[in-house]
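The values are calculated or read from the model by the stated rules, or taken from the named source; none is laboratory data. Just so we're clear, the structure is a prediction, and the values are computed from it rather than from any experiment. For neighbour counting, all protein chains shown are included, and Cβ atoms are generated from backbone atoms with ideal geometry for every residue, glycine included. Only protein heavy atoms, including side chains, enter the accessible area calculation; ligands, DNA and RNA are left aside. Shrake-Rupley method; radii C 1.70, N 1.55, O 1.52, S 1.80 Å.
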Amino acid sequence: MKIKYLFLFLAIALNMTAQDKFFTLEDLNFGGNNFANMQPKNMWLTWWGDQLIQTDVEECYTIDARTGKKKLLFTLDDINKWADSDDSVRYVRHLSNATFPYPDKPLVAVGNRKAFILVDFKAKEVVWEDSLSGQTANDWNSVSRATAYVEDHQLFIVDGEGKKHQLSTDGSREIVYGQSVHRNEWGIGKGTFWSPDGQRLAFYRMDQSMVTDYPQVDIFPRAATYEPDKYPMAGMTSHKVTVGVYDLKTRKTVYLQAGDPTDRYFTNIAWSPDSKYIFMFELNRAQNDCRLKCYDAATGQFSYQLCRETSPKYVEPLHPIQFLPWDNNLFILQSQKDGYNHLYLYSIKGECIKQLTSGPWVVLDVLGFNKQQKSIVFAANKEHPLHRRLYSVSVADGKIAALESVDGVHRGELSPSGNFLVDRFSTPTRPRVIDVVDITKKTPRHTNLLEAEDPWADYRQPLFECGSIKAADGVTDLYWRMVKPYDFDPTKKYPTVVYVYGGPHAHNVEASWHWSSRSWETYMALKGYIVFILDNRGSENRGRDFEQATFHQLGQIEMKDQMEGVKYLKSLSYVDADRLGVHGWSYGGFMTISLMTNYPDVFKVGVAGGPVIDWQWYEVMYGERYMGTPQSNPEGYEKCSLLKQAGNLKGRLQIITGYNDNTVVPQHCLSFLDACVKAGTQPDFFAYPGEEHNMRGHASVHLHERITRYFEDYLK
């Protein structure tokens, strides 16, 4: 009997111990040594035609999309055996990134830093090899099997037969070929664009010789070295971009005859299905006049203009046009000209045939096309601003059908035919779910592949809540997240930190796991803080007018909305209004110092990371879109500058920067420190040597511990 009770006591004690585990930053932060173990279970999946493949580290499995049953396809040892990879060139270390580029052929593409190979897993042999996978900006075309890459600033192609083509000779730090331009704005993420037949390559050439250098320094050699960045600031001279087209058959390059590239932006390059024409959005420097134009790929000559969109504020093309797979004369264009980003059907000559989606919601992504149903598969927040759901729209009649039925945040991966869809989603209480969906059925059929358990189940977890308040205009709904201590007691008063970003093209609150809470918020809650996050006007996915409300006056509307959040916090009996803090990074750093200096009696402590201080020192593309130039909007620049606010600082403010930040250059922080010296105010300052805008690796753990300690020292 005593033994029975002893075992019962031990079981209860062990269970209590398990439930009483406390997180550390090594668990929570992405640079931590236990971070990977604290993430919800996942599956790595890809498509081989309509066949779903699971790509594990050492095996690849086929998955029956209708039953979810798995079958071994091959192993890592198989691949290395078939590749005869005893030598170091072909040796493959994992299969996680394996792809199946040909729906009708048993070929898997795998590689390492030295080689990229195609293996026929039925014939059990290598059928093709490219030894250039370690080069910069690799771009491989599956049709011609040609690879474009950059080496020593020059752009090259190695064709499918292994012949090397040199496309440039004047490449340098100042003349950049085949890489992203315009500082990655307007959805630009690369600089080479293959034609569908793989015979022509469109590429960017950026001349930035006229752009001012920003004097970055590498401190790690004994004698520090000068490593400048090309950084065009608002209102200053910007770079010039042209678009070349190389033809593998003629071995000649032509440039699109788009006219003088001075103060113009070229973006969202797309090819016609027959590989004969290139379509490109062109913006003026003020970014309020956008034109979609067509060029002859063989000659570079301008053919015709398809459409034009202007705005009293700005136009922001983010997506290339996409041709319908069943009709080479029709394409879809995304635009928010009616106030929300929606899909429009156009003819190849530029006739707008019809608007396919409409309403006070945003198309977030186009996943692809279903050829059988002649429909477009897309993601949108149609049901609620905090949800991301998956839909299809019929091109014929515009009818929209939901492809799943669970509120939350869904991301899809469509098979090439569009018949099947991998649906990855989470909800505030479900960490990760993966379904495969057969969308050929009248009612889409779901097969569950994964329902991840809560990896935090054995730990003391905070309370995650979500709600809404009205913006400062008294009309617009704003959504917030609140993270409370695990042992929250409504009769107590808690120090509270407002975490803020607030800028365009970002949001903090959505209906995913824990309402999309950041891990640092959990860490702070475990230390006895409440953390509050509000998406103000100016943030993304709420429509054009919501985001453009901040035009030419960054920080002003955002502060008013954030202060509505503070008003709400002060109405809560458990929030200690005398212990309010604020923290944010980048645009959030700008917002943190803005709030600390415009409302100095409200916030006791702030931590501002990588903050913009004065928009005249920010780069041309982003800065001028939202603020114009210092010459055209001097009142706005003056109003938004934090330099003149330095004397208002009362609370404790820590400013943190990467010493080699090439996004928000150190001039911002240093100029604010100088203004504080002159004004007699006393901020604290910390820099991370060698780091850029965001701390990488384990430095991120150090950063978040430093942020936490500052609040522990001065707010608690």
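Fully extended, how many nm does the chain gain between Ala224 and Ser358 (0.36 nm per residue separation, minus their Cα-Cα distance)? Write down the numbers at each step before the final one.
Details: separation 134, 0.36 × 134 = 48.24 nm, distance 5.66 nm.
Once the chain is fully extended between Ala224 and Ser358, it gains 42.6 nm.
For the range 320-441, what class follows from the C-alpha gyration tensor (a ≥ b ≥ c being the square roots of its eigenvalues): rounded when a/c is under 1.5, otherwise prolate if a/b is larger than b/c, else oblate? Show your work: numbers first, answer last.
Numbers: a/c = 2.40, a/b = 1.43, b/c = 1.68.
Here the range 320-441 falls in the oblate category.
Provide the net charge surrounding Pro215, with neighbours chosen by a C-beta distance below 14 Å and charges set as Lys +1, Arg +1, Asp -1, Glu -1.
Working: positive: Lys230; negative: Asp213, Asp218, Glu227, Asp229, Asp661.
Computed value for this residue: -4.
Once the Cβ-Cβ distance between Asn34 and Tyr659 is put in as r, and R0 is 41 Å, what FRET efficiency do you end up with, to the nearest 0.05? Intermediate results must be reported in sequence, preceding the final value.
Numbers: r = 28 Å, r/R0 = 0.68.
After rounding to 0.05, the efficiency reads 0.90.
State, as an integer percentage, the relative contact order of the chain based on alpha-carbon contacts under 8 Å between residues 6 or more apart. Write down the numbers at each step before the final one.
On the way: 1706 pairs, mean separation 65.2, N = 716.
The value is 9 percent.
Compute the FRET efficiency between Lys81 and Thr429 as 1/(1 + (r/R0)^6), taking r as their Cβ-Cβ distance and R0 = 51 Å, and round to the nearest 0.05.
Working: r = 45 Å, r/R0 = 0.89.
E between Lys81 and Thr429, to the nearest 0.05, is 0.65.
Asp576's amide H: which non-local residues (gap 5+, or another chain) put their own amide H closer than 5 Å, with H modeled 1.01 Å from N in plane and none for Pro or chain starts?
Excluding prolines and chain starts, which carry no amide H, the hits are Tyr494, Thr496.
By Kyte-Doolittle mean hydropathy of at least -0.5 and Cα axial length of at least 15 Å, which whole DSSP H helices of the chain are selected? Don't jump to the answer; show the numbers that get you there.
Values: long enough: 2-19 (26 Å, 1.13); 556-570 (21 Å, -0.97); 587-598 (16 Å, 0.59); 667-679 (18 Å, 0.64); 699-714 (23 Å, -0.81).
Answer set is 2-19, 587-598, 667-679.
Taking a probe of 1.4 Å, how large is the accessible area per residue of the chain, in Å²? Write down the numbers at each step before the final one.
Working: 30510 Å² over 716 residues.
On a per-residue basis, the chain sits at 43 Å².
With θ set to phi - 60° and the Karplus curve 6.51 cos²θ - 1.76 cosθ + 1.60, what are the ³J(HN,Hα) couplings of the range 549-555 in order, to the nearest whole Hz, using x for Gly and Pro?
4, 9, 3, 6, 8, 4, x
Could I have the simple spin-label model distance between Lys349 and Ser180, label points 7 Å from Cα toward Cβ, reported in nm to one decimal?
Placing both labels 7 Å along Cα→Cβ, they lie 3.9 nm apart.
Mind listing the long-range amide H neighbours of Leu364? Cut-off is under 5 Å, sequence gap 5 or more, other chains count too, H placed in the peptide plane at 1.01 Å from N.
Close amide H contacts, sequence-distant or interchain: Ala379, Ala380, Asn381.
Can you pull out the chymotrypsin sites (Phe, Trp or Tyr not before Pro) in the range 228-331 that DSSP calls coil and that have at most 14 other Cβ atoms within 10 Å? Write out the running numbers ahead of the final one.
Details: sites: Tyr246, Tyr255, Tyr265, Phe266, Trp271, Tyr277, Phe279, Phe281, Tyr295, Phe302, Tyr304, Tyr314, Phe323, Trp326, Phe331; in loops: Tyr314, Trp326.
Passing sites in the range 228-331 are Trp326.
Under the rule of at least 5 residues apart or a separate chain, name every residue whose amide H is placed under 5 Å from the amide H of Thr99.
Ala109
Straight distance only, please: which aspartates and glutamates reach the Cα of Lys644 with their own Cα at less than 14 Å, same-chain residues fewer than 8 apart left out?
Straight-line reach from Lys644, under 14 Å: Asp614, Glu635, Asp674.
Going down the list Lys493/Lys639; Lys354/Lys399; Lys71/Lys122, which pairs span over 24 Å between their C-alpha atoms?
Details: Lys493/Lys639 36 Å; Lys354/Lys399 13 Å; Lys71/Lys122 15 Å.
Check vs 24 Å cut-off fails for Lys493/Lys639.
If the reach is capped at under 19 angstrom between alpha carbons, list the aspartates and glutamates near Lys442, excluding any in the same chain fewer than eight residues apart.
Cross-link targets: Asp50, Asp397, Glu404, Asp423.
Hand me the GluC sites (Glu not before Pro) from the range 374-477 located in a DSSP loop with no more than 13 other Cβ atoms within 10 Å, in residue order please. Numbers along the way, then the final one.
On the way: sites: Glu383, Glu404, Glu413, Glu451, Glu453, Glu465; in loops: Glu383, Glu404, Glu453.
When the GluC sites (Glu not before Pro) of the range 374-477 are filtered for loop state and at most 13 Cβ neighbours within 10 Å, Glu453 remain.
For the range 442-571, what does the alpha-carbon gyration tensor say about shape, rounded, prolate or oblate, given a ≥ b ≥ c as the root eigenvalues, a/c under 1.5 as rounded, and a/b over b/c as prolate? It would help to have the intermediate numbers written out before the result.
Details: a/c = 2.33, a/b = 1.16, b/c = 2.00.
Oblate, because a/c is 1.5 or more while a/b does not exceed b/c.
How much length is gained if the chain between Trp44 and Lys639 is pulled fully straight, taking 0.36 nm per residue apart and subtracting their Cα-Cα distance, in nm to one decimal?
Working: separation 595, 0.36 × 595 = 214.20 nm, distance 4.88 nm.
That pair, Trp44 and Lys639, stretches by 209.3 nm at full extension.
Considering only DSSP beta bridges whose two residues both sit in the range 530-680, what percent are antiparallel, to the nearest 5? Walk me through the numbers before you get to the answer.
Details: 0 of 10 bridges.
If we restrict to bridges inside the range 530-680, about 0 percent are antiparallel.
Step through the residues of the range 604-613 one at a time and calculate ³J(HN,Hα) from phi using the Karplus curve (6.51 cos²θ - 1.76 cosθ + 1.60, θ = phi - 60°), rounding each to whole Hz and writing x for Gly and Pro.
Couplings: 7, 9, x, 10, 10, x, x, x, 6, 10 Hz.
State the Cα centre-to-centre distance between the range 241-312 and the range 183-237 in whole Å.
Each part reduced to its Cα centre gives a spacing of 20 Å.
So, in nm, how far is label Lys276 from label Ala699 when the simple model puts each one 7 Å beyond its Cα toward the Cβ?
According to this spin-label approximation, the distance is 5.2 nm.
At a Cα cut-off below 22 Å, give the lysines reachable from Lys163, other chains included and same-chain residues fewer than 8 away excluded.
Counting by Cα, and skipping residues close in sequence, Lys163 has these lysines nearby: Lys114, Lys249, Lys252.
Rounded to whole Å, give me the distance from the Cα center of the range 599-642 to that of the range 317-371.
35 Å
Each residue of the range 411-418 in order: what ³J(HN,Hα) in whole Hz does its phi give by Karplus 6.51 cos²θ - 1.76 cosθ + 1.60, θ = phi - 60°, with x for Gly and Pro?
Listing the rounded values in order: 10, x, 10, 8, 5, x, 7, x Hz.
Subtract the Cα-Cα distance of Asp20 and Glu465 from 0.36 nm times their separation in residues, and report this length gain in nm to one decimal. Please list the in-between numbers first.
Numbers: separation 445, 0.36 × 445 = 160.20 nm, distance 2.15 nm.
Length difference between fully extended and current span is 158.0 nm.
Normalising by the residue count of the range 503-654, find the relative contact order in percent from Cα pairs under 8 Å and 6+ residues apart.
Details: 215 pairs, mean separation 30.8, N = 152.
Rounded, it is 20 percent for the range 503-654.
Using DSSP to call loops (not H, G, I, E or B), can you name the trypsin sites (Lys or Arg not before Pro) in the range 400-451 whose Cβ has at most 11 other Cβ atoms within 10 angstrom?
In loop regions of the range 400-451 (DSSP not H, G, I, E or B), the sparsely surrounded trypsin sites (Lys or Arg not before Pro) are Lys441, Lys442.
Please label the shape of the range 605-716 as rounded, prolate or oblate, based on the square roots a ≥ b ≥ c of the eigenvalues of the alpha-carbon gyration tensor (a/c under 1.5 means rounded; beyond that, a/b larger than b/c means prolate, else oblate).
Judged from the Cα gyration tensor, the range 605-716 comes out oblate (a/c at least 1.5, b/c at or above a/b).
In whole angstrom, note down how far apart the Cα centers of the range 547-581 and the range 672-707 are.
So the two Cα centres are separated by 24 Å.
Within a Cβ distance under 12 Å of Lys567, other residues only, what is the Lys/Arg minus Asp/Glu net charge?
Details: positive: Lys470, Lys560, Lys570; negative: Asp561, Glu564.
With Lys, Arg at +1 and Asp, Glu at -1, the neighbours total +1.
With viscosity set to 1.002 mPa s at 20 °C, what whole-number translational diffusion coefficient in µm²/s follows for the range 215-293 from Stokes-Einstein and a Kirkwood radius over Cα pairs? Each step should come with its number before you reach the end.
Details: Rh = 15.9 Å.
Approximately 135 µm²/s, per Stokes-Einstein.
Calculate the spin-label point distance for Asp407 paired with Thr212, positioning each point 7 Å from the Cα along the beta-carbon direction, and give it in nanometres.
The answer from the label model is 5.1 nm.
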